[in-house]
1. Just checking: which of the helices (runs of 4 or more DSSP H) contained wholly in region 187-256 hold 1 or more residues that are outside the structural domain of residue 275 (by TED's automatic domain parsing) and over 26 Å from residue 303 (Cα atoms)?
2. Please enumerate the residues belonging to region 209-218 that are at pLDDT below 90 and over 15 Å from residue 181 (Cα atoms).
3. Select from region 191-211 the residues that are free of Cβ contacts under 8 Å to residues at least 40 places away in the same chain and within 30 Å of residue 314 (Cβ to Cβ) and write down the one among them that is nearest to the chain's Cα centre (by Cα).
4. Taking region 228-251, which residues are under 22 Å from the mean Cα position of the chain (by Cα) and surrounded by fewer than 23 Cβ atoms within 10 Å (Cβ to Cβ)?
5. Would you mind stating whether residue 476 is modelled with pLDDT of 95 or more and surrounded by 23 or more Cβ atoms within 10 Å (Cβ to Cβ)?
6. Would you point out which residue out of 313, 304 is part of a loop (DSSP other than H, G, I, E, B), charged (D, E, K, R) and either surrounded by 23 or more Cβ atoms within 10 Å (Cβ to Cβ) or over 18 Å from the mean Cα position of the chain (by Cα) (or both)?
7. Being without any contact (Cβ under 8 Å) to a residue 60 or more places away in the chain and either in a loop (DSSP other than H, G, I, E, B) or not assigned by TED's automatic domain parsing to the domain that holds residue 347 (or both) is the filter here, so list the residues in region 449-481 that pass it.
8. Can you name the residue in region 339-381 that is of a type in the set (Val, Ile, Thr) and part of a strand (DSSP E or B) and, of all such residues, is nearest to residue 323 (Cα to Cα)?
Amino acid sequence: MCLPARPASEPQGTLEHLNDAACFPPVARERSTLYPASPPEERPLKLNVVQRIQDPGGAGFACDGRRPQAGAYGDADKFHDECGVFGIFGHSESANLTYLGIHALQHRGQESAGIASLDKGEILLHKGMGLVPDVFDAETLQKLPGDAAIGHTRYSTAGQSRIENAQPFYFKSSVGPIAVAHNGNLVNAEEVRAELESQGAIFQGSSDTELLLHLIAREKGVTALERIQSALERVRGAYTLLFLTQDSIVAVRDPLGFRPLLIGNLRGKTVFASESCALDLIEAELVREVEPGEMVVADAKGVRTVQRIPPQRRGQCIFELIYFARPDSQVFGRNVYKTRKELGKRLAIEQPAEADIVIPVPDSGVPAALGFSEQSGIPYDMGLIRSHYVGRTFIEPSQSIRHFGVKLKLNPVKHVVKGKRVVVVDDSIVRGTTSRKIVKMVRDAGAREVHLRISAPPTRWPCYYGIDTPVRSELIAATHSEAEIARYVTADSLGYLSEKGMHEAVRAEPRSFCDACFTGEYLVQLAPPEAGAVRSGPEAVPG
């Protein structure tokens with residue numbers, strides 16, 4: 001049943017609260033021992049860790065105690081995917097190939113990285129804060145022998161950004177060692193955590209993935225697979241999971257299939273990855289997706305499905321195709337680059353503009369801008385150049401220099417835009433602060449007019465299924481009309497793609513995608529942390 005949308009009495013908010021704010025007190029770097037205590041029924045949570053790396057960046061937390069939004073000069077005005085997962089079974093160079101795999105998935109998480117390898121029935125683990133090349137080198141990878149491995153890159157949505165929450169997680173149990181890498185978000189994590197703590201569980205971190213280890217430790221199955229199956233019956237939400245056991249990799253996708261998970265073949269060896277770009281890098285062949293509700297095991301006997309829960313419907317995240325996935329990937333059976341070009345073409349049909357040139361906000365806006373240009377006949381050019389070497393910036397962002405934040409990443413090509421009517425194509429507007437700066441940047445470079453076009457509908461609702469999003473009150477489209485947003489970002493005009501146009505562009509079959517961030521219709525019932533009405537769709541899965 002759909003609950004009513006935000007009542008008319010709910011505060012509409014003001015644009016003033018959207019201004020940048022930063023407060024990054026220094027945080028002491030620390031070494032941490034994960035899982036110092038074990039559940040009362042077993043004492044399995046002893047790590048076999050090759051090495052732990054301290055936070056190389058020393059980034060602090062925001063003034064409210066939460067993680068910083070990618071630093072003062074990072075992608076604070078974008079949604080962020082939580083993480084990427086990769087695994088391979090039966091290859092003598094598993095750790096090295098997993099390193100390459102998570103390197104290809106770096107765009108899915110930049111806060112931490114980790115690899116767990118399986119060597120003669122024992123699991124070795126190395127993880128740390130930072131990008132994949134910051135965490136691993138040749139010497140480290142040599143200390144991860146074995147013929148199976150799983151890897152993870154993380155951008156936290158549940159849990160703070162610290163070493164205790166870096167993945168994979170690993171523990172020793174009575175059914176052997178188990179490591180896990182997770183992409184997604186468990187919507188009943190608070191409830192399960194409270195129950196486990198009442199039973200004596202001690203949590204080292206704040207990641208919802210840690211819950212799974214405690215659940216597995218308490219299950220009564222006689223094999224790791226049985227315990228994993230039982231533990232997953234206790235959780236709900238979005239998850240793609242790779243478990244590394246003493247003799248297998250177990251790959252699982254939630255019954256609605258929110259996050260992508262693919263199966264590949266590398267000369268007879270089984271590979272799992274969040275996106276096909278990771279398979280391409282190691283020259284593996286894409287075989288198929290892990291289906292929603294499916295559990296796949298890869299071991300010495302081969303690869304096989306051991307469980308399949310037929311979904312009532314699918315809930316694939318449509319934002320994977322709009323923004324998260326790499327454009328050279330295939331996810332949900334669709335070519336991402338081709339889909340984004342089609343989004344741009346539909347945008348040009350629905351939201352035309354009289355202009356001289358079309359430019360993208362790189363990198364994610366490039367395919368849509370090309371599609372807009374092809375459909376409209378307006379010439380395409382690169383009017384904004386992106387620096388890919390910004391990283392974290394530790395200059396204290398005082399008000400007098402804060403406006404340099406976006407300019408560290410983007411710089412206009414003045415001769416391209418000067419004196420012209422410019423269409424700027426981007427994939428989304430979250431808070432509006434970055435869009436405002438980009439419009440000003442293009443105008444200051446000499447553009448006569450700036451028309452902003454967005455290749456997705458207005459983002460009005462937060463995500464609880466594995467995407468880092470602001471609370472609803474911080475989403476500019478949740479409390480302001482398109483005309484108000486256009487005035488705020490100082491664009492001559494603003495146009496969004498319609499929900500209908502979006503679904504047509506991605507060739508969405510009925511009941512196949514989750515679009516809750518646009519519609520507010522959530523497919524898994526939840527108790528959101530923020531106040532206000534949250535609409536659950538008519539087919540919401542009860543918890």
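The values are calculated or read from the model by the stated rules, or taken from the named source; none is laboratory data. Since the model is a prediction, treat every value here as computed from it, not as a measurement. Glycine also receives a Cβ, built like all others from the backbone with ideal geometry; neighbour counts cover every protein chain displayed.
1. Values: elements: 189-198, 209-218, 224-232.
Because the criterion is at least 1 residues that are outside the structural domain of residue 275 (by TED's automatic domain parsing) and over 26 Å from residue 303 (Cα atoms), no helices (runs of 4 or more DSSP H) in region 187-256 meet it.
2. none
3. Within region 191-211, the match that is nearest to the chain's Cα centre (by Cα) is 211.
4. 232, 235, 236, 237 - these are the residues of region 228-251 that are under 22 Å from the mean Cα position of the chain (by Cα) and surrounded by fewer than 23 Cβ atoms within 10 Å (Cβ to Cβ).
5. On the way: modelled with pLDDT of 95 or more: yes; surrounded by 23 or more Cβ atoms within 10 Å (Cβ to Cβ): yes.
Yes, satisfied.
6. Numbers: 304 fails: part of a loop (DSSP other than H, G, I, E, B).
Result of the check over 313, 304: 313.
7. Correct list: 470, 471, 475, 481.
8. Taking region 339-381 and keeping what is of a type in the set (Val, Ile, Thr), we get 339, 349, 357-359, 361, 366, 378.
Adding the requirement that they be part of a strand (DSSP E or B) leaves 357-359.
Details: 357: 23, 358: 19, 359: 17 Å.
Filtering first and then ranking leaves 359.
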